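**Student:** This is the structure, below, for whatever I ask next.
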Amino acid sequence: MVILGIESSCDETGVAVYHHTQGLIAHKLHSQVDAHKVYGGVVPELASRDHVRYISFLVAETLSQAKICVNDIDAVAYTQGPGLIGALLVGASFAKSFAYSLGIPAIPIHHLEAHLLAACMACPEIEYPYLALLVSGGHTELVQVNALGQYEILGQTLDDAVGEAFDKTAKLMGIPYPGGSKLAALADAYPPSIPSQLKPFPRPMLDRAGFDFSFSGLKTHALNAWVKSDKSEAIKSDIAKQFQQAIVDTLVAKCGRAVESTGLKTLIVAGGVGANYSLRKNIQKLMHKHSGDAYFPALEFCTDNGAMIAYAGYLYYSTFATNCVDTDLQILVKPRWPLTHE
Ligand code: KG4
Ligand code: ZN
């Protein structure tokens with residue numbers, strides 16, 4: 001079985017081919033960073049136009065990398081939501097038309113679910129049920145995964161998503177878009193031997209029961225520290241470090257609570273912030289302490305990509321066959337779509 005996957009929910013066009021025995025046989029990504037950076041963030045209309053510009057070309061390149069032709073493809077998986085409506089429409093229109101022209105099924109995929117399943121691409125031995133920490137630019141959720149498509153949300157952010165807090169804090173300190181990963185790099189560069197000049201940052205919501213998060217206060221805390229500072233590179237790095245530590249401590253503490261309350265010993269971390277080195281290291285430590293296992297997607301598959309869509313399409317099609325297929329000729333996308341598939 002050969003599945004072509006197409007991702008276009010935000011500012012990356014991703015295309016990949018997943019083969020049922022050979023695994024991921026090709027993947028290509030076009031990042032729109034250059035198109036958006038002059039505006040300091042993603043401009044939805046520009047994102048849609050850029051997807052239109054690159055999608056056919058990327059599909060052709062990916063098929064050539066996979067050394068297959070269009071007639072070898074059994075189904076086309078595409079991101080149906082959540083995401084930017086125009087960007088989603090480009091991928092969905094392309095994928096459904098492509099599938100229709102070949103007389104093969106089109107499989108709609110939930111973008112966050114694909115993030116969540118990405119860790120299993122390299123480690124198919126992961127068994128249900130397990131815990132998943134989903135940390136992206138738009139979402140922060142702690143989930144109990146009972147089976148494919150069966151998700152129980154244990155906790156979620158009440159305001160900013162973690163990636164959003166990273167991006168906004170970076171912007172407040174004058175770090176250019178896309179700032180989240182640059183802020184993390186600054187934090188990691190802070191010399192461990194030099195004590196911080198700052199008062200410790202709060203660990204939000206740890207004094208409350210449950211698994212919910214809140215990150216917007218941390219962003220304000222970082223802004224206040226920045227405004228009062230001498231704006232040197234040293235203090236920028238210090239703030240980045242304190243901010244990152246507060247986020248990582250909070251996420252790790254809530255994951256620890258979830259492990260204790262559910263008794264589940266497997267935790268996967270997914271989404272763009274899953275690429276954060278400090279988060280990966282501390283989650284590993286946590287699961288080691290609980291004699292459990294932590295899994296992460298490869299770094300390149302933490303942020304948006306087509307591979308996770310192709311893989312999710314493969315899992316759905318091999319599990320549910322035609323029951324997961326979108327037979328309607330209407331192009332329907334879901335800019336807002338809860339993970340619980342309500
Ligand atoms: O999953 P993703 O590519 O897109 C969404 O579905 O939202 O996540 C992008 C988010 C951005 O907010 C970006 O700043 C954040 O992931 N991110 C990071 C790191 N790399 C990407 N945040 C913290 N540390 C990183 N190393
Ligand atoms: Zn994403």
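**Student:** Got a sec? Which of 232, 237 is surrounded by fewer than 18 Cβ atoms within 10 Å (Cβ to Cβ), among the polar types (S, T, N, Q) and over 20 Å from the mean Cα position of the chain (by Cα)? Talk me through it step by step, then tell me what you get.
**Tutor:** On the way: 237 fails: surrounded by fewer than 18 Cβ atoms within 10 Å (Cβ to Cβ).
Criteria check complete, one pass: 232.
**Student:** Let me ask something else. Within region 157-175, which residues are open to solvent by 80 Å² or more (accessible area, probe 1.4 Å) and more than 15 Å from residue 223 (Cα to Cα)?
**Tutor:** The one that is open to solvent by 80 Å² or more (accessible area, probe 1.4 Å) and more than 15 Å from residue 223 (Cα to Cα): 158.
**Student:** Keeping to region 15-44, report how many residues are out of contact with any helix residue (DSSP H, G or I) (no Cβ under 7 Å at 6 or more places or on another chain) and either part of a strand (DSSP E or B) or farther than 29 Å from residue 3 by Cα (or both). Reasoning before the result, please.
**Tutor:** Going through region 15-44, the residues out of contact with any helix residue (DSSP H, G or I) (no Cβ under 7 Å at 6 or more places or on another chain) turn out to be 19, 21-23, 29, 31, 33-34, 37-39, 41.
Checking which are either part of a strand (DSSP E or B) or farther than 29 Å from residue 3 by Cα (or both) leaves us with 19, 23, 29, 31, 34, 37-39, 41.
Counting residues in region 15-44 that are out of contact with any helix residue (DSSP H, G or I) (no Cβ under 7 Å at 6 or more places or on another chain) and either part of a strand (DSSP E or B) or farther than 29 Å from residue 3 by Cα (or both) gives 9.
**Student:** If you check residue 113 against the conditions, is it open to solvent by less than 50 Å² (accessible area, probe 1.4 Å), among the acidic types (Asp, Glu) and part of a helix (DSSP H, G or I)? Lay out the reasoning, then the answer.
**Tutor:** Working: open to solvent by less than 50 Å² (accessible area, probe 1.4 Å): yes; among the acidic types (Asp, Glu): yes; part of a helix (DSSP H, G or I): yes.
Taking the combined requirement at face value, the residue satisfies it.
**Student:** Still on this structure, please answer the following. Scan region 104-112 and give yes if some residue there is in contact with a Leu (Cβ under 6 Å, 6 or more places away or on another chain) and either modelled with pLDDT of 95 or more or away from ligand 2 (no atom under 16 Å from the Cβ) (or both), otherwise no. Give the derivation first.
**Tutor:** Here is the first cut: in region 104-112, the ones in contact with a Leu (Cβ under 6 Å, 6 or more places away or on another chain) are 112.
Right, trim to either modelled with pLDDT of 95 or more or away from ligand 2 (no atom under 16 Å from the Cβ) (or both) and you get 112.
Checking region 104-112: at least one residue is in contact with a Leu (Cβ under 6 Å, 6 or more places away or on another chain) and either modelled with pLDDT of 95 or more or away from ligand 2 (no atom under 16 Å from the Cβ) (or both).
**Student:** Can I ask one more? Could you tell me how many of the residues in region 173-186 are farther than 14 Å from residue 232 by Cα and aliphatic (A, V, I, L, M)?
**Tutor:** The initial filter retains those residues of region 173-186 that are farther than 14 Å from residue 232 by Cα, namely 176-185.
Those left that are additionally aliphatic (A, V, I, L, M): 183-185.
Number satisfying all stated conditions: 3.
**Student:** Only residues in region 94-106 that are under 18 Å from residue 311 (Cβ atoms) count as the first member; pair them with residues that are in a helix (DSSP H, G or I), Cβ under 7 angstrom, at least 6 apart or cross-chain, and list the lot.
**Tutor:** Short answer, once both residue conditions are applied: 105/99; 105/322; 106/95; 106/96; 106/99.
**Student:** If I filter region 131-140 for residues that are hydroxyl-bearing (Ser, Thr, Tyr), within 16 Å of ligand 1 (Cβ to nearest atom) and either within 30 Å of residue 215 (Cα to Cα) or open to solvent by less than 10 Å² (accessible area, probe 1.4 Å) (or both), do I get at least one hit?
**Tutor:** There is at least one residue in region 131-140 that is hydroxyl-bearing (Ser, Thr, Tyr), within 16 Å of ligand 1 (Cβ to nearest atom) and either within 30 Å of residue 215 (Cα to Cα) or open to solvent by less than 10 Å² (accessible area, probe 1.4 Å) (or both).
**Student:** Can you name the residue in region 259-288 that is hydrophobic (A, V, I, L, M, F, W, C) and open to solvent by 10 Å² or more (accessible area, probe 1.4 Å) and is also farthest from ligand 1 (Cβ to nearest atom) among such residues?
**Tutor:** First pass over region 259-288, keeping only residues hydrophobic (A, V, I, L, M, F, W, C): 259, 264, 267-270, 273, 275, 279, 283, 286-287.
Okay, now just the ones that are also open to solvent by 10 Å² or more (accessible area, probe 1.4 Å), so 264, 273, 275, 286.
Numbers: 264: 23, 273: 4, 275: 4, 286: 18 Å.
By that ranking, first place goes to 264.
**Student:** I need a count of the residues in region 176-190 that are assigned to a loop (DSSP other than H, G, I, E, B) and open to solvent by less than 50 Å² (accessible area, probe 1.4 Å).
**Tutor:** Initial filter on region 176-190 (assigned to a loop (DSSP other than H, G, I, E, B)): 176-178, 190.
After this cut, where a residue has to be open to solvent by less than 50 Å² (accessible area, probe 1.4 Å) as well, the list is 177-178, 190.
Qualifying residue count, region 176-190: 3.
**Student:** While we're on this one: Could you please find all residues in region 66-78 being assigned to a helix (DSSP H, G or I) and open to solvent by 40 Å² or more (accessible area, probe 1.4 Å)? Spell out how you get there, then give the answer.
**Tutor:** Residues of region 66-78 that are assigned to a helix (DSSP H, G or I), as a first pass: 66, 70-72.
Result: 70, 71, 72.
**Student:** So, one more: Looking at (1) crowded, with 17+ Cβ neighbours inside 10 Å; (2) touching a residue at least 40 places away in the same chain (Cβ under 8 Å); (3) of a type in the set (A, V, I, L, M, F, W, C), which is the one condition that is false for residue 223?
**Tutor:** So residue 223 meets the others, but not (1).
**Student:** Please work out which one of (1) open to solvent by less than 10 Å² (accessible area, probe 1.4 Å); (2) at positive phi; (3) away from ligand 2 (no atom under 16 Å from the Cβ); (4) not aromatic (Phe, Trp, Tyr) is the condition residue 81 fails and give its number.
**Tutor:** Looking at each condition in turn, residue 81 falls short on (3).
**Student:** Looking only at region 289-335, which residues are open to solvent by 30 Å² or more (accessible area, probe 1.4 Å), outside any loop (DSSP other than H, G, I, E, B) and small (Gly, Ala, Ser)?
**Tutor:** 318, 321
The values are calculated or read from the model by the stated rules, or taken from the named source; none is laboratory data. Treat the numbers as computed from the prediction; the structure is a model and nothing was measured. Here Cβ is always computed from backbone atoms with ideal geometry, including for glycine, and neighbour counts include all displayed protein chains. Note: areas computed on protein heavy atoms with side chains; ligands, DNA, RNA excluded. Shrake-Rupley method; radii C 1.70, N 1.55, O 1.52, S 1.80 Å.
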